1. I'd like the full set of residues that are in a helix (DSSP H, G or I), closer than 19 Å to residue 314 by Cα and touching a residue at least 12 places away in the same chain (Cβ under 8 Å), limited to the stretch 342-377.
2. So which of 86, 82, 77 is more than 28 Å from residue 183 (Cβ to Cβ) and crowded, with 18+ Cβ neighbours inside 10 Å?
3. Could you identify the single residue in 135, 123, 117, 140 that is out of contact with any helix residue (DSSP H, G or I) (no Cβ under 7 Å at 6 or more places or on another chain) and closer than 30 Å to residue 369 by Cβ?
4. Confirm whether residue 267 is assigned by TED's automatic domain parsing to the domain that holds residue 61, surrounded by fewer than 23 Cβ atoms within 10 Å (Cβ to Cβ) and farther than 19 Å from residue 97 by Cα.
5. Consider residue 40 against the criteria (1) touching a residue at least 24 places away in the same chain (Cβ under 8 Å); (2) surrounded by 12 or more Cβ atoms within 10 Å (Cβ to Cβ): it satisfies all of them except one. Which criterion is unmet?
6. Taking residue 74, is it more than 24 Å from the chain's Cα centre (by Cα) and outside any helix (DSSP H, G or I)?
């Protein structure tokens, strides 16, 4: 059958370029020590940055939420699926983000991908210009495609080029869209400069803080708190399946922006609401993030990042500079990167190989992610293996 033959041919091309992906099956809870495909592994690949995915209090809150609200919501938020747990979570998230946003309000989404599609399609109408960072996450790129606005891409971190684009724009509405922490590089966008431009040119600054929420800032309010930012021009997206350990995402902004999303964002209006039990569990996660335990876990994560920075000594491979939990090691060729990941796997270390189209050609890398649940001994084991492996393969 020609339709299937065409797909088989394209799959063969992916295999020839060392670009075919493989799923591994985790058999235990998300944690540093996991059982994967029947084998015990030390994992440096999850986004569970604070180690809350298997936190006993969060697990118990999820059980309690299921007993109170059942297994599912049964409908979209605007029909009958908006439960008390959703409402409480949105209220708490709005209060939590209030120091960074004027007249803050929050709305909860099933996923971060959906949240970004919602924001950009609802705000990026035909009379708008969207200015998108070149290394933005796929959800932001797809959100720009879904919007009816004219989209312009500026180079990574190039504030001067963005300023020229904004100055030349005659659009009635302007949106600057950026990741905060870039998921494959680990660096942080120059948000203070971007916000200053947006305020000067009357633009929204849409920030995807998927990898910053819960991790950055004294209280875990993410990149906005990290930089001490506060503005009515900010539209903030934070995910709740990474540092918060559960699932879903939220958008926080001025209450008028949030009401507009509730009324006009199709990815919000036309989908079944997430299980309210998840929202109930997230209330406990938020308590931990905002409290003393959250501060201690962020301090532990910073210590581990410092340890890796001090002890990893690479000659040919390149560790990208990052103060975040994302610590990429760029190798370059696809097959060499796959070989390195396989060699680590043989030693019981689970570190994923990231290749194009996620990253540019010839920049394939090992994406190391650290968690507050890792120990110093575990990070030492990883660093020792990486140092030795680079020496062996070079």
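1. Initial filter on the stretch 342-377 (in a helix (DSSP H, G or I)): 342-346, 376-377.
Going one step further and asking which of them are closer than 19 Å to residue 314 by Cα, we end up with 342-344.
Passing the criteria: 343, 344.
2. On the way: 86 fails: more than 28 Å from residue 183 (Cβ to Cβ); 77 fails: more than 28 Å from residue 183 (Cβ to Cβ).
Checking each option against the conditions leaves just 82.
3. Values: 123 fails: closer than 30 Å to residue 369 by Cβ; 117 fails: out of contact with any helix residue (DSSP H, G or I) (no Cβ under 7 Å at 6 or more places or on another chain); 140 fails: out of contact with any helix residue (DSSP H, G or I) (no Cβ under 7 Å at 6 or more places or on another chain).
Exactly one residue qualifies, and that residue is 135.
4. Details: assigned by TED's automatic domain parsing to the domain that holds residue 61: yes; surrounded by fewer than 23 Cβ atoms within 10 Å (Cβ to Cβ): yes; farther than 19 Å from residue 97 by Cα: yes.
It is true that residue 267 is assigned by TED's automatic domain parsing to the domain that holds residue 61, surrounded by fewer than 23 Cβ atoms within 10 Å (Cβ to Cβ) and farther than 19 Å from residue 97 by Cα.
5. With respect to (1) touching a residue at least 24 places away in the same chain (Cβ under 8 Å); (2) surrounded by 12 or more Cβ atoms within 10 Å (Cβ to Cβ), residue 40 is out only on (2).
6. Numbers: more than 24 Å from the chain's Cα centre (by Cα): yes; outside any helix (DSSP H, G or I): yes.
When the stated conditions are applied, residue 74 passes them.
The values are calculated or read from the model by the stated rules, or taken from the named source; none is laboratory data. Model, not experiment: these values are computed from the prediction. All Cβ positions, glycine included, derive from the backbone under ideal geometry; neighbour counts span all protein chains shown.
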